[in-house]
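Contents: one structure, followed by commentary.
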Amino acid sequence: MSQEPSTPPVSPPQKDHGRAGRDLPKAIASGVTLGGILAVTLLFFEPAFMVVVAIALVVAIWEMHRGLSAKGIDIPEQPLMVGGVVMLLLAYVWGPPALVTATAVTSLVIMLWLLRRGVSGFVQNASAAIFTLVYVALLMSFVGLMLNESTDLGYDAGQRGMITFVLVTVVSDIGGYVAGVLFGKHPMAPVISPKKSWEGFVGSLLSCVGVGVAMVVYFMDGDWWVGILLGVSTAVMATLGDLVESVMKRDLGIKDMSQIIPGHGGLMDRLDSLVATIAPIWLILHYLVF
C-alpha cells in the first residue's frame with residue numbers, strides 16, 4: 001500500500017519590519033525602560049548608576065565571548081570581567097592615572113591567565129582578549145572618568161557631562177535613522193551595513209550639531225564652537241562604532257551579539273555608538289568645558 005509523500009512543515013512567515021529592520025514596539029519599550037533606569041539612578045543615586053554600568057560591562061564581555069566563540073576564539077571571561085569592573089570603578093574614584101594603571105595590570109593578568117592553557121591558540125586568544133579589553137572595558141570605563149569630574153570640581157559637572165553624552169549620541173542614532181528611512185538612497189558601506197546611507201549620516205550630523213550646541217551653551221555654559229566640535233565628533237564616531245560592530249558580526253557570521261534585549265538583540269548591538277563616542281566626548285568636555 002503506497003503512502004502519500006509527507007508534506008514538509010511550513011515555517012511561519014517572518015514578520016517584515018520594513019525599512020526599520022527591527023520590531024519597533026519592542027525596541028521602543030526596551031529603550032524607554034533601560035533609559036528610565038539609567039536616568040533615575042544617575043540623577044538620584046549615582047552609585048546605583050555605576051552598578052548598572054558595571055553590570056552592562058560584564059554582559060558586554062559575555063556577549064563578546066559568545067560572539068568570538070563562533071570563530072573558535074576563546075577569550076578568558078573571568079579576568080576580563082573582574083578587571084573591567086575594577087577599571088571602571090577606579091576611573092570613577094581616582095581618574096585617568098588609575099584607569100591607565102588598571103588597564104595595564106589587567107592586560108598582564110589576561111596573558112598570564114592564558115598561559116595556563118598552553119601554547120596552542122595563545123596569540124589568537126590573547127589578541128582577541130586585549131581587543132575586548134580595549135573595545136569594551138576601557139571605553140566603557142570613560143563613564144567613570146566622566147562622573148569623576150564632579151568629584152574634582154565639587155559640583156554636578158560629571159552628571160551634566162553624562163547627560164550631554166547620552167543625549168547627543170542618542171540623537172545621532174535617531175537623526176540618522178529617520179533621515180535614512182525617509183531619504184536614504186546612497187549606501188555608505190553596502191557590504192558592511194546595507195541599511196546605512198549617506199543621507200542618514202547627514203541627518204545624524206545635523207542632529208548632533210544642533211543638540212551639541214544647545215547642550216554645551218545652555219546646559220554646560222560652554223562656547224558654541226565647542227558644541228559644533230562635539231556634534232561633528234559624535235556623528236563621525238557613532239557612525240564608525242556602528243560600522244565596526246556590523247563588520248565584526250559579519251566576520252563572525254552572527255546576526256546579533258545575543259538576544260538579551262527584546263527588539264534590539266544584544267547589549268553591544270545597542271551600545272556600539274555609545275562605546276565609540278564616550279572617549280572623544282569626555283576629551284572635548286574635559287579640556288574645553290569643565
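Every read-out reported here was derived from the displayed coordinates using simple, explicitly stated rules and does not represent laboratory data. All values reported here derive from a predicted model rather than from experimental measurement. For neighbour counting, all protein chains shown are included, and Cβ atoms are generated from backbone atoms with ideal geometry for every residue, glycine included.
Here is how the numbers come out for the structure above:
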quantity	calculated
Cβ-Cβ FRET estimate between residue 223 and residue 182, R0 fixed at 30 Å, reported to 0.05	0.40
Among 127, 104, 205 the positive-end extreme of the charge dipole of the chain (Cβ point charges)	127
Pairs of Lys in the chain closer than 23 Å at Cα, counting only those 8 or more apart or on different chains	17
Size of electric dipole in the chain: Cβ of Lys, Arg +1 and of Asp, Glu -1, about Cα centre, debye, nearest 20	640
Centroid-to-centroid separation of the range 240-255 and the range 122-183 [C-alpha atoms, Å]	18
Structure-derived semi-axes √(5λ) of the Cα gyration tensor in Å - corresponding label in [x] 35, 21, 18; [y] 31, 24, 18; [z] 34, 28, 17	[z]
Added length on full extension, which subtracts the Cα-Cα distance from 0.36 nm per residue, residue 70 to residue 259	66.5 nm
Estimated dipole of the range 22-154 in Debye, rounded to 20 [Cβ of Lys and Arg +1, of Asp and Glu -1, Cα centre]	440
Computed E for residue 120/residue 189 - FRET, C-beta separation, R0 30 angstrom, nearest 0.05	0.30
Options 60, 33, 87, ranked by Cα towards positive dipole end of the range 22-154, top entry (Cβ charges)	60
Span-rule helices in the chain, defined as complete DSSP H runs reaching 27 Å or more along the axis (Cα) with Kyte mean at least 1.6	24-44, 96-115
Over 20 Å [Cα-Cα, the range 22-154], rounded percent	51
Selected from 73, 144, 290, residue furthest toward positive end of dipole (the chain; charges at beta carbon)	73
Relative contact order of the chain, pairs being alpha-carbon contacts under 8 Å that are 6 or more residues apart, as %	19
